[in-house]
Amino acid sequence: MKIGILQTGHAPENLIDSAGNYDEMFRTLLADGGFEFETFAVVDNQFPSGPEAADGWLITGSKHGAYEDHDWIPPLEDLIRQIHARKQPLVGICFGHQIIAQALGGKVEKFAGGWAVGPVTYEQDGKPLRLNAWHQDQVTALPEGARVLAGNDHCKHGILAYGDHIWTAQPHPEFASSFVDGLIDSRGRGVVPDALLDAAKDQLHHPIQSDEIATFLNAFFVKERT
């Protein structure tokens, strides 16, 4: 099965050697799935020929806002709607989570409650799910047909599903805690309040559940759909 990675941003240059770029993080996360991957750097206007160019799709995170005026965002939204119409499996993470919601009629905004950084606990099926997060923007209004699978008081729409073919998450299962540590210093200082960054650093030693999400996603992409 071929997974097309729609890359909507780049990791900080000083962290790429150690952690990889955003597409490489997902190749690592999903390494046990036996997939073929192809990256399309849509942030650099490198688009696939259409939704048929891959069997399943994944949209990465980005430093950009889904609501910002970039020339690559409208064609990305069009592609999302085409993938949705074909009911191909589609996964969106952070920015990907937001742009899918926006493309399908939802609303994305800067959250008045501020940033979420580092390990964050969400409630999913009555159980805690702990993953690394890095965001201020949120999906504030759901598109028609979206179902909430996980959230918390700070981020009520933490994980969403649409039908049985789209799954999106605000947190980052692909972010190792060591990468978040580097991100705090390379992109956090001067943008995110220092007290929040320092508190996040203090929590980075706690285990996260990225392996559980990797197992879920590997199964999600290949499951039979009606």
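In order along the stretch 168-183, phi translates into HN-Hα couplings of 9, 9, 6, x, 10, x, 7, 8, 5, 5, 5, 5, 4, 4, x, 5 Hz, rounded to whole numbers, per the Karplus curve 6.51 cos²θ - 1.76 cosθ + 1.60 with θ = phi - 60° and x for Gly and Pro. In this simple spin-label approximation, residue 14 and residue 46 carry label points 7 Å from Cα along the Cα→Cβ vector, and these lie 2.5 nm apart. Charge dipole of the stretch 55-118 (Cα centre as origin; +1 on each Lys and Arg Cβ, -1 on each Asp and Glu Cβ, all else neutral): 240 debye, rounded to the nearest 20. Every helix of 4 or more DSSP H residues in the chain counts as -39500 (n - 2.57), and over all residues that averages to -8500 deg cm²/dmol at 222 nm. Comparing 172, 135, 70 in a Gaussian network model of the chain (Cα springs below 10 Å), the most mobile by mean-square fluctuation is 70. In this structure, the amide hydrogen of residue 37, modeled 1.01 Å from its nitrogen in the peptide plane, lies closer than 5 angstrom to those of 3, counting only residues at least 5 positions away or on a different chain.
Annotation: amide H of residue 10 within the under-5 Å range of 63, sequence separation 5 or more or interchain, hydrogens built in the peptide plane. In this calculation the C-beta distance from residue 203 to residue 87 is compared with R0 = 45 Å, giving a FRET efficiency of 0.70.
Over 29 Å between Cα atoms, which of 87/156; 2/201; 63/223; 2/63 qualify? Kindly include the intermediate steps, with their values, before the conclusion.
Numbers: 87/156 26 Å; 2/201 36 Å; 63/223 31 Å; 2/63 26 Å.
Where the Cα-Cα span goes over 29 Å, the pairs concerned are 2/201; 63/223.
Between the C-alpha center of the stretch 40-56 and that of the stretch 71-87 there is a gap of 10 Å.
Extension gain, residue 70 to residue 212: 0.36 nm times the residue separation minus the Cα-Cα distance gives 47.7 nm.
Amide H contacts of residue 137: 111, each under 5 Å away and 5 or more positions distant or on a separate chain (H built 1.01 Å from N in the peptide plane; Pro and chain starts excluded). Residue by residue, the stretch 16-23 carries 3J(HN,Hα) couplings of 5, 4, 8, 10, x, 7, 4, 5 Hz when phi is fed to the Karplus relation 6.51 cos²θ - 1.76 cosθ + 1.60 (θ = phi - 60°); x denotes Gly or Pro. Each of residue 63 and residue 178 was given a label point 7 Å from its Cα along the Cα-to-Cβ line. The distance between the two points is 2.3 nm.
Only bridges with both residues in the chain count here: give the DSSP antiparallel percent, nearest 5. Write out the running numbers ahead of the final one.
Working: 24 of 41 bridges.
Antiparallel: roughly 60 percent of the beta bridges in the chain.
Backbone geometry of the stretch 75-82 corresponds, through the Karplus equation with coefficients 6.51, -1.76 and 1.60 at θ = phi - 60°, to 3J(HN,Hα) couplings of x, 5, 4, 4, 5, 4, 5, 5 Hz, x marking Gly and Pro.
Where a number appears in this text, it was derived from the coordinates with a stated rule and is not lab data. As the structure is a prediction and not an experimental result, all values here were calculated from the model. Neighbour counts run over all protein chains shown; Cβ positions are idealised from the backbone, glycine included.
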